[in-house]
Amino acid sequence: MSTKISSSALVVFSGGQDSTTCLYWAKKHFDKVYALSFVYGQRHSLEVEIAEQIAREAGVEWSKMDVSFISQLSTGCSLTDDSLEIEAEKADGAMFPTTFVPGRNLFFLSIAAVRARELGIKHLVTGVSQTDFSGYPDCRDSFVKSLNVTLNLAMEEQFVIHTPLMWIDKAATWALSDELGVLDLVRYRTLTCYNGIPGDGCGHCPACKLRREGLEKYLATKA
């Protein structure tokens, strides 16, 4: 997409690297942008505070929704149970890492679509990526396309779910934020770290490692 669409978009917004890049991508491509953040029982409420700050500074209308029931639906998730360790790798025999929150993107996008319908918005934006999806099935292109069809059928609407990061890795995501003029904001202000540390984070959780490796790869191309 190279030209601005005379329409509005709703961004599913966590305040992390990916969703912040998508927020500014949406600002470039749509006339008006809204951001919706979720409180789902995550370990660190700071991410919602950061999301609000970034959205307000970006001139984007921001709102949050409490969907903490998500954390009550399943056990064994280290992002919603702070008694569990954040594991760098999947345990032997496990299908998913402990950081997988079952149903999270299913609920987020479905609720965002209902909210968008109330606002008269047809375009939804999410920062999921199949390239760097950490084994999460609800970050895959097939899931997003399937849900897009389902939402349209469920509400007799013509939603379009945009996934600007679907086929690019973290290095290319950094490149996109730089192209959008927000590389420093994304690097120093966002919260991607599973241990709740903004900016470059703790440096050793899976999210920080992926983020740092991508940044180093991108910066090497600029040297």
inquiry  = Between Asp132, Asp138, which is modelled with pLDDT under 95, open to solvent by 10 Å² or more (accessible area, probe 1.4 Å) and assigned to a helix (DSSP H, G or I)?
reply    = Asp138
query = Taking Ser45 and the conditions (1) buried (at least 22 other Cβ atoms within 10 Å of the Cβ); (2) modelled with pLDDT under 95, which numbered condition does it fall short on, given that it satisfies the others?
reply = (1)
task = Quick one: in the stretch 187-208, of everything that is open to solvent by less than 80 Å² (accessible area, probe 1.4 Å) and part of a helix (DSSP H, G or I), which residue is farthest from Ala172 (Cα to Cα)?
result = Pro206
inquiry  = Just to be sure I understand, how many residues within the stretch 101-115 are out of contact with any strand residue (DSSP E or B) (no Cβ under 9 Å at 6 or more places or on another chain), at pLDDT below 95 and either open to solvent by 30 Å² or more (accessible area, probe 1.4 Å) or on the phi > 0 side of the Ramachandran plot (or both)?
reply    = 2
message = If I ask for residues that are of a type outside the set (A, V, I, L, M), touching a residue at least 12 places away in the same chain (Cβ under 8 Å) and open to solvent by 90 Å² or more (accessible area, probe 1.4 Å), which ones from the stretch 66-83 would you list?
response = Asp66, Gln72, Asp82
inquiry  = Can you find, within the stretch 84-100, the residue that is most open to solvent (accessible area, probe 1.4 Å) among those that are modelled with pLDDT of 75 or more and not aliphatic (A, V, I, L, M)?
reply    = Phe96
note = Exactly one of Ser63, Ser8 is out of contact with any Cys (no Cβ under 8 Å at 6 or more places or on another chain), exposed (fewer than 15 other Cβ atoms within 10 Å of the Cβ) and on the phi < 0 side of the Ramachandran plot, and that one is Ser63
ask   = Out of all the residues in the stretch 141-166, which are of a type in the set (Asp, Glu) and open to solvent by 70 Å² or more (accessible area, probe 1.4 Å)?
value = Glu156
ask   = Can you spot a residue in the stretch 214-222 that is surrounded by fewer than 17 Cβ atoms within 10 Å (Cβ to Cβ) and under 29 Å from Thr80 (Cα atoms)?
value = no
Filter result for His123 (modelled with pLDDT of 95 or more, over 19 Å from Gln17 (Cβ atoms) and touching a His at 6+ places or on another chain (Cβ under 9 Å)) = yes
remark   = By residue number, the members of the stretch 153-202 that are within 15 Å of the chain's Cα centre (by Cα), closer than 20 Å to Asp141 by Cα and not aliphatic (A, V, I, L, M) are His162, Thr163, Pro164, Trp167, Asp169, Lys170, Thr173
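The values are calculated or read from the model by the stated rules, or taken from the named source; none is laboratory data. Just so you know, these numbers come straight off a predicted model, no measurement behind them. Here the Cβ is made from the backbone with ideal geometry for all residues, glycine too, and neighbour counts use every protein chain on show. Areas reflect the complete protein model, heavy atoms only, side chains present, ligands, DNA and RNA absent. Shrake-Rupley method; radii C 1.70, N 1.55, O 1.52, S 1.80 Å.
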